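The values are calculated or read from the model by the stated rules, or taken from the named source; none is laboratory data. Everything numeric here is computed off the predicted structure, so don't read it as measured data. Counting neighbours? That spans all protein chains shown, and the Cβs are built from the backbone with ideal geometry, glycine included. Remember, those area values only see protein heavy atoms, side chains included, never the ligands or the DNA or RNA. Shrake-Rupley method; radii C 1.70, N 1.55, O 1.52, S 1.80 Å.
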Amino acid sequence: MAVKSFPKIDVYAGAPEKKYALFMLMLGFVALMVGTLFGPLQAFNYGGLDLYPFLKPVFQNYYQGLTLHGVLNAIIFTQLFGQAIMVYLPARELGLKPNMTLAWVSFWMALIGLLVAALPLLGNAASVLYTFYPPLKAHWAFYVGAALFVLSSYVSIYLVLDMWSRWKKANPGKITPLATYMSVTYWLMWFLASLGLVVEALFLIAWSVGLVAGVDPLLMRTLFWYTGHPIVYFWLLPAYTLAYITLPKLAGGKLISDPLSRLVFVLFLIFSVPVGFHHQFADPGIAPYWKMIHTILTMFVAVPSLITAFTIAASLEVAGRANGGKGLFGWIGALPWNNPTVLAFLLGFLAFIPGGAGGMVNASFNLNQNIHNTVWIPGHFHLQVGTLVTMAAMGTAFWLIPHLTGKPLVARGMALASQWLWFLGMFIMTFALHWMGFLYAVPRRAHISGSPIAMEAFKESSAWMVLNIVAGVILLIAAILFFYVIYATALQSRRDPNQVMAEVPFTEVISKPEGSSLALLTERVWFWFGIAVVLVVLAYGPVLFQMFTNMNPVPGQRLW
């Protein structure tokens, strides 16, 4: 039998940013893998099946598992994926190298911060859920590690702004290339959005080491949600960027409009941050009219997502027709569904549609009362983050890891199966959670499987509970297949010269930015950033001033 062999190749010669992107990406997937293992346990809990007693003495309780699942998947993985993608893409597009010393500084800051925060998490000394709400109090190492991890992203902000500045000086008057433009606005949005978490961390660290006796829970919740909702766009925009920049080409087509794509990112920059009060409709201490203002601003954020839905769908139609698709819907079947990257995005966007509709319910002043603090919320959350964001990362890994390592993708069939199973599992689980929350008010973040009283109270939802167990098993199988594919790909010894030389699949554009007044208008990035700052000050300033001048500190508690 003939065996194909490949010569030894230095993949990173001339492109050291590939190694940086690979390390960030793989560290993120390690976090995702560990966090994902706790996902089925959370699903089993809402199926009435409590497996946590069997995990002792390694893991103590449901709330420790919930914290690990939420922190590793929703904070660690998503930030590392953003740091990998939104630095690597502009570097390749501009043909510039980022400051590699600082790039590795950001990697080591992220790794050390992750390890420092992980120790109390694994020791059940930081089971404060995903939201860190006081008076729940964690070990100081958790807050310090988390702060160091978040600050590593500030180095990434500098890396991209530095490359952009160098390119602008070398190309005066030219419009910024699209991937770089998206990366610049993304990082500026994150800088503005992350300030709430940074200020909250200062309070929590001082509190955890005993420098102050207490913190104000309402102020901490407000600072958390100042960052906590825009962080959703911090997770989402790398997926959008890849959908605009690479998906049309991988599907065999072109992006229909460059200027329209830039408008999307400007709107996210302006409207992403001043929306957090819609998470605090049930909180006292915030006047209803401020909550209504944030409700209205939240509705504005739906606009760029609607534009994205139109732009991506139209671009995919171009691809489908280029592939030979005919008729009103024939182009859909002509898309390359056998390409695991394209498949992941297509399924992710399908799930994102009902997720977006559910988000409008969450942000509505009155409708929110029906689903507040029920499992509807994690159902919505998993439709958004667990499907489109995660599947975009999974799908991208299928071409990006071979691109970064020069190693061909292994087990393509498993890659396809993992995405179908992930989509199916998420669809079943989120469908059940939405109905359990809406019809039966089953509470979220609650260890109901360990409480006979809770199981009796919610017994009418037992049919939906069974779906959670089914979904948990399907998702576990999907995760095993996916992680096998990417680690087998990355760890194999073979290298393909064609993979080493492959370029990033930047897509061509039908409507170009040259000559577009909209493209010229959006190019004034610092002006739009200033508008965003003013809007944040107007929407948050008076309320935060009142909270800072009327604090009611409370001591901390450890419940689990």
Quiz item: Identify, please: which residue in region 92-104 is of a type in the set (A, V, I, L, M) and not in a loop (DSSP other than H, G, I, E, B) and is, among those, surrounded by the most Cβ atoms within 10 Å (Cβ to Cβ)?
Solution: ALA103
Exercise. Consider TRP331 carefully, then state whether it is open to solvent by 30 Å² or more (accessible area, probe 1.4 Å), among the aromatic types (Phe, Trp, Tyr) and touching a Gly at 6+ places or on another chain (Cβ under 7 Å).
Key: yes
Practice problem: Within region 444-477, work out how many residues are touching a Phe, Trp or Tyr at 6+ places or on another chain (Cβ under 6 Å) and among the hydroxyl-bearing types (Ser, Thr, Tyr). | Solution: 1
Quiz item: Across region 407-446, what is the number of residues that are open to solvent by less than 40 Å² (accessible area, probe 1.4 Å), touching a Pro at 6+ places or on another chain (Cβ under 7 Å) and not hydrophobic (A, V, I, L, M, F, W, C)?
Solution: 2
Exercise. Identify all residues within region 27-40 that are open to solvent by less than 30 Å² (accessible area, probe 1.4 Å) and in contact (Cβ under 8 Å) with a residue 40 or more places away in the chain; write none if there are none.
Key: LEU27, GLY28, PHE29, ALA31, LEU32, GLY35, THR36, GLY39, PRO40
Quiz prompt | Residues of region 263-286 satisfying the condition of being open to solvent by 30 Å² or more (accessible area, probe 1.4 Å) and aliphatic (A, V, I, L, M) | solution = LEU263, LEU267, ALA282
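Residue-wise test of (1) open to solvent by less than 40 Å² (accessible area, probe 1.4 Å); (2) among the hydrophobic types (A, V, I, L, M, F, W, C); (3) in contact (Cβ under 8 Å) with a residue 40 or more places away in the chain.
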{"residue": "SER106", "(1), (2), (3)": "yes, no, yes"}
{"residue": "LEU114", "(1), (2), (3)": "yes, yes, yes"}
{"residue": "ALA146", "(1), (2), (3)": "yes, yes, yes"}
{"residue": "SER165", "(1), (2), (3)": "no, no, no"}
{"residue": "ILE175", "(1), (2), (3)": "yes, yes, yes"}
Quiz item: Residues of region 188-206 being more than 25 Å from PHE529 (Cα to Cα), touching a residue at least 40 places away in the same chain (Cβ under 8 Å) and surrounded by fewer than 23 Cβ atoms within 10 Å (Cβ to Cβ), which ones?
Solution: ILE205
Exercise. Identify all residues within region 54-68 that are open to solvent by 10 Å² or more (accessible area, probe 1.4 Å), touching a residue at least 60 places away in the same chain (Cβ under 8 Å) and part of a helix (DSSP H, G or I); write none if there are none.
Key: TYR63, LEU66
Quiz item: Would you say PHE345 is closer than 24 Å to TRP235 by Cα, open to solvent by 30 Å² or more (accessible area, probe 1.4 Å) and assigned to a helix (DSSP H, G or I)?
Solution: no
Practice problem: Tally the residues that are in contact (Cβ under 8 Å) with a residue 40 or more places away in the chain and open to solvent by 10 Å² or more (accessible area, probe 1.4 Å), restricting the search to region 207-216. | Solution: 6
Quiz item: Could you count how many residues in region 312-328 are surrounded by fewer than 22 Cβ atoms within 10 Å (Cβ to Cβ) and in contact with a Lys or Arg (Cβ under 9 Å, 6 or more places away or on another chain)?
Solution: 2
Quiz item: On the given criteria, is TYR88 among the hydroxyl-bearing types (Ser, Thr, Tyr), modelled with pLDDT of 95 or more and either under 30 Å from TRP560 (Cβ atoms) or open to solvent by less than 30 Å² (accessible area, probe 1.4 Å) (or both)?
Solution: yes
Exercise. Restricting attention to region 447-468, report how many residues are surrounded by fewer than 19 Cβ atoms within 10 Å (Cβ to Cβ) and of a type in the set (Val, Ile, Thr).
Key: 2
Self-check item: Candidates ALA110, ALA74 - the one that is open to solvent by less than 60 Å² (accessible area, probe 1.4 Å) and at pLDDT below 95
Solution: ALA74
Practice problem: Evaluate the following for MET182: is it more than 21 Å from the chain's Cα centre (by Cα), in a helix (DSSP H, G or I) and not basic (Lys, Arg)? | Solution: no
Exercise. State whether one or more residues within region 361-373 are touching a Leu at 6+ places or on another chain (Cβ under 8 Å) and open to solvent by less than 20 Å² (accessible area, probe 1.4 Å).
Key: no
Quiz item: Just wondering, is there one or more residues in region 288-297 that are in a helix (DSSP H, G or I) and over 23 Å from ILE377 (Cβ atoms)?
Solution: yes
Quiz item: Which one is farthest from VAL128 (Cα to Cα), of the residues in region 439-465 that are under 28 Å from the mean Cα position of the chain (by Cα) and touching a residue at least 60 places away in the same chain (Cβ under 8 Å)?
Solution: MET465
Quiz item: Would you pick out the residues in region 1-21 that are open to solvent by less than 20 Å² (accessible area, probe 1.4 Å) and at pLDDT 80 or above?
Solution: ALA15, GLU17, LYS18, TYR20, ALA21
Exercise. Using the structure shown, decide if LEU219 is over 18 Å from VAL525 (Cα atoms), assigned to a helix (DSSP H, G or I), out of contact with any strand residue (DSSP E or B) (no Cβ under 7 Å at 6 or more places or on another chain) and open to solvent by less than 10 Å² (accessible area, probe 1.4 Å).
Key: yes
Quiz prompt | Identity of the residue in region 405-439, not β-branched (Val, Ile, Thr) and not in a helix (DSSP H, G or I), that ends up farthest from ALA488 (Cα to Cα) | solution = GLY406
Quiz item: Here are some residues: THR176, THR131. Which one is under 18 Å from the mean Cα position of the chain (by Cα) and assigned to a loop (DSSP other than H, G, I, E, B)?
Solution: THR131
